[in-house]
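Notes follow once the structure below has been shown.
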């Protein structure tokens, strides 16, 4: 399914409704951010991306909990805060949202605002469909669920490439991908509930 086709499906389902929330889920390296941006561009004015990554816990918190090396796993997010945001997006016209600053490697509270005119929301993140509390409580808010399905070998290739692009040496890039990213990807693939639309690569 192309971004344009997914945008058309969202338009069709959202016709005559108020705010329409699409969940776009998938493992790290699947291409969620790229697809979400393309879908929103195809939808045009009134559409926007809401990323899950703004709910990363800060590094000192992760270090205190002994999970800094596992940053990006479900436990490294404020999942309850994310689900609370989803309910606010459903019921409130204007909502401030946190955003993750990759340069600073931390989340910035109130980094962006979903406005009343933002009717078509594409929420994207790894764990949107995870069948575990409190993540599963988000399902009550989603109007449409979409999952990206990418073979593990391709995910591995993309994730190693990502770390290489961040300046890591080949051995370091491979270790970063295999020690944390791929286990997180396996968890998404193993423990997520079904989506209405599955896009395979």
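The values are calculated or read from the model by the stated rules, or taken from the named source; none is laboratory data. Please read these numbers as outputs of a predicted model, since none were measured by experiment. No Cβ is skipped: glycine too gets one built from the backbone with ideal geometry, and neighbour counts run over all protein chains shown.
Which ones in the stretch 7-34 are closer than 22 Å to residue 103 by Cα and modelled with pLDDT of 95 or more?
None; the set is empty.
Identify all residues within the stretch 184-200 that are within 17 Å of residue 31 (Cα to Cα) and exposed (fewer than 13 other Cβ atoms within 10 Å of the Cβ); write none if there are none.
200
Which pairs have Cβ atoms under 6 Å, sit 6 or more apart or on different chains, and link a residue in the stretch 94-108 that is modelled with pLDDT of 90 or more to one that is in a loop (DSSP other than H, G, I, E, B)?
94/115; 94/116
For residue 156, state whether it is surrounded by 17 or more Cβ atoms within 10 Å (Cβ to Cβ) and out of contact with any strand residue (DSSP E or B) (no Cβ under 7 Å at 6 or more places or on another chain). Give the derivation first.
Working: surrounded by 17 or more Cβ atoms within 10 Å (Cβ to Cβ): yes; out of contact with any strand residue (DSSP E or B) (no Cβ under 7 Å at 6 or more places or on another chain): yes.
Here the answer is yes, as residue 156 does meet what is asked.
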